[in-house]
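Here, each number is a calculation from the coordinates, and none is a lab measurement. This one's a predicted model, so the numbers in the text were calculated from it and none came from an experiment. Virtual Cβ from ideal backbone geometry, glycine too; neighbours counted across all protein chains shown.
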Amino acid sequence: MKKTLIAAAFLTFFAGQALAAPQTYALDTTHTFPRFSYNHMGLSKQILNFHKTSGSVVLDKAAKQAHVDITIDMASISTGFSEFDKHIQGADFLDTATYPTATFKSTKVNFDGDTPVSIDGNLTIKGITKPITLTVTSFFNGAHPMLKKDAIGANATAVIKRSEFNAGKYAPGVGDEVTLDIALEAIAQ
């Protein structure tokens, strides 16, 4: 009888551990879009985005810990005008021939209860890595309504200076401050 109780307690402990295991989510590349905006010579706010992004999120709900790893194909930039896309991909700005990708790797995800509220990490653009903090403006974790799998949805923002990433041509006339706005969806694997 005593052995049965010990075995049951042992199994209950490890079953709880299995439920609390970190879950890996792969980015849904059809619903993850990093965007950025900047002031264009005081005339307007320009908004551009990238169409090809890959990566993952690892979420441990029980421990309130997470890790985010994102890679952006910089040649997938969309300005809405193909000639301007080529201009932005040039050496004065993104230099996609030399630096085809940008990355963000989290160092810490900060939670308020069960909800992530900010993500500290390292952003690498044109081979230059700088620490940034993304502010999470919305977060969802639950069943995807169509796929019926566990999913994550989030939006996050940060402001960086493009000159710090060797992309500051025409600053300050064309705004040096760039607002990042990332829409992310990821599906449990």
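Can you give the net charge of the other residues whose Cβ lies under 14 Å from the Cβ of GLN23, counting K and R as +1 and D and E as -1? Please list the in-between numbers first.
On the way: positive: LYS61, LYS64, LYS149; negative: ASP60, ASP114, ASP150.
It works out to a net charge of 0.
With neighbours defined as other Cβ atoms within 10 Å of a residue's Cβ, the residues VAL58, VAL136 order from fewest to most as VAL58, VAL136. Legend: Rg and Dmax of the chain, from Cα coordinates, 20.5, 80 Å. Quickly estimate the mean residue ellipticity at 222 nm for the chain, helices only: each DSSP H run with n ≥ 4 gives -39500 (n - 2.57), and the total goes over all residues, rounded to 500. After summing the helix terms and dividing by residue count, I get -4500 deg cm²/dmol.
What's the extension gain from LYS86 to ALA26 if we count 0.36 nm per residue and subtract their Cα-Cα distance?
Numbers: separation 60, 0.36 × 60 = 21.60 nm, distance 2.96 nm.
Answer, rounded to one decimal: 18.6 nm.
Considering only LEU43, LEU59, LEU134, the mean-square fluctuation computed in a Gaussian network model of the chain, springs between alpha carbons under 10 angstrom, is largest for LEU43.
Would you mind ranking ARG162, ARG35 by Cβ crowding within 10 Å, fewest neighbours first? Kindly include the intermediate steps, with their values, before the conclusion.
Working: ARG162 22, ARG35 15.
Arranged by neighbour count, lowest to highest, ARG162, ARG35 become ARG35, ARG162.
Counting charges near ALA143 (Lys, Arg +1; Asp, Glu -1) among other residues having Cβ under 9 Å from its Cβ returns a value of +1.
For segment 36-189, the dipole from Cβ point charges (+1 on Lys and Arg, -1 on Asp and Glu) about the Cα centre works out to 100 debye, to the nearest 20. The mean sequence separation of alpha-carbon pairs under 8 Å and at least six residues apart, normalised by the residue count of the chain, gives a relative contact order of 23 percent. With a Förster radius of 25 Å applied to the C-beta separation of ASN166 and LYS52, the computed FRET efficiency comes to 0.65.
Projecting the Cα atoms of ASN110, PHE81, ALA158 onto the charge dipole of the chain (Cβ charges, centred on the Cα centre) puts ASN110 farthest toward the positive pole.
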